[in-house]
Structures are given as C-alpha cells and as structure tokens.
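The values are calculated or read from the model by the stated rules, or taken from the named source; none is laboratory data. Note that the structure is a prediction, hence the values are computed from the model and not measured. Neighbour counts run over all protein chains shown; Cβ positions are idealised from the backbone, glycine included. With ligands, DNA and RNA removed, areas are computed over all heavy atoms of the protein, side chains included. Shrake-Rupley method; radii C 1.70, N 1.55, O 1.52, S 1.80 Å.
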Amino acid sequence: EITSEMIWDIFFTEYILETPFKLIDFKTSPASRKTDKEKITASIEVDGRVRTISAQGNGPISAFIEGIRKEFGLKFSLEDFGQNTRSATSKAEASAYVELKLPDGNSFYGCGIDTSITVAPIKAVLSAINKMKK
C-alpha cells in the first residue's frame, strides 16, 4: 500500500534538491520609485562557497533569473511558472513550480516550498537548475 508519507518522500527526492545550488539568503526591494523594477540580493552556496548575486528585473523572479544566469554563465529561459498555497491556516506554505528551457529545447522542472510566496519560486528555480546539473 502506498502511503502519503511515501509520496512525500518521492516528491522531496525528485524536486527539493539543494545541491549543487542552495539558497542561503534572499532579499528584495524596489530598485527605484520611478520604475516598476525590483532589486534582489541572494546568497547562494555552490560547492561549499557562498556567492552573492544582485540584479534587477520586472519582479523578484525575473531579477533572480537574470542574476543567476549572469553570475554562473547559465543559459535558460523561464517557460512556465505556477504557484499554490498548501494550507489556509496561519502556518500556510506556498508551493511554486517552474519549467526552465535550455537553448537545445530540453526542459527541466523544479519545485520550491516556503512560507514566503516570494522565496518559494526562487527555490523552484534552484530546484530546476540543480536537476540540470545532475
């Protein structure tokens, strides 16, 4: 008999990957009152070293993608993004899902779960990148 615990174990093994890229810290702020741009600063641990990226974009996800592509020389585009809430209580968590596409047409899917609706998609992007790097 398959239990919900078994399903969660499979899900976490497949999608909640924290190597080689692991999110240590993430901050977002408006880049300017005159534009709709947002600025992000993120600390990412890669192979035991913490690297900090900063970037601007139309929102925190686009800024993060711009920063991580530039910092690590990655070539991919965000093809799809979705987000849901896992609970309606005060302990709610956001689940975010992304599809990243490489120039050769291959896609990688990632998922991120966090209490922050801003951080969950960042973790999803890193999950997909980690699957690319496997």
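What spacing in nm lies between the two simple spin-label points modelled at residue 109 and residue 9, each 7 Å away from Cα in the Cβ direction?
Here the modelled spin labels are 2.2 nm apart.
Which Rg and Dmax, in Å, describe the Cα atoms of region 94-134?
When restricted to the Cα atoms of region 94-134, Rg and Dmax are 10.3, 34 Å.
For region 1-118, which whole percent of the accessible surface, found with a 1.4 angstrom probe, sits on carbon and sulfur atoms? Walk me through the numbers on the way to the answer.
Working: 3790 of 7810 Å².
The C+S portion of the solvent-accessible surface of region 1-118 is 48 percent.
Can you pull the Rg over Rh of region 16-134, Cα-only, Kirkwood? Intermediate values should be presented prior to the final figure.
Numbers: Rg = 13.9 Å, Rh = 14.4 Å.
That ratio equals 0.96.
Amide H neighbours of residue 93 under 5 Å, at least 5 residues apart or on other chains, H built in the peptide plane: list them.
For residue 93, whose amide H was placed from the backbone, the distant partners under 5 Å are 86, 87.
In what sequence, highest mean first, do 81-87, 104-110, 21-27 appear when ranked by Cβ atoms within 10 angstrom?
Numbers: 81-87: 12.1, 104-110: 13.9, 21-27: 15.7.
Top to bottom by mean Cβ count within 10 Å: 21-27, 104-110, 81-87.
What number comes out for accessible area per residue over region 1-65 if the probe is 1.4 Å? Units Å², please.
On the way: 4610 Å² over 65 residues.
Here the per-residue accessible area is 71 Å².
Expressed as a rounded percentage, what relative contact order does region 18-57 have, with Cα pairs under 8 Å and six or more residues apart?
Working: 74 pairs, mean separation 15.3, N = 40.
So the answer I get is 38 percent.
So, in nm, how far is label residue 74 from label residue 41 when the simple model puts each one 7 Å beyond its Cα toward the Cβ?
Going from the residue 74 label point to the residue 41 one covers 2.1 nm.
Per 0.36 nm of contour for each residue apart, how much would the distance between residue 50 and residue 33 grow if the chain were fully extended, relative to their Cα-Cα spacing?
Values: separation 17, 0.36 × 17 = 6.12 nm, distance 3.05 nm.
Working it through step by step, the gained length comes to 3.1 nm.
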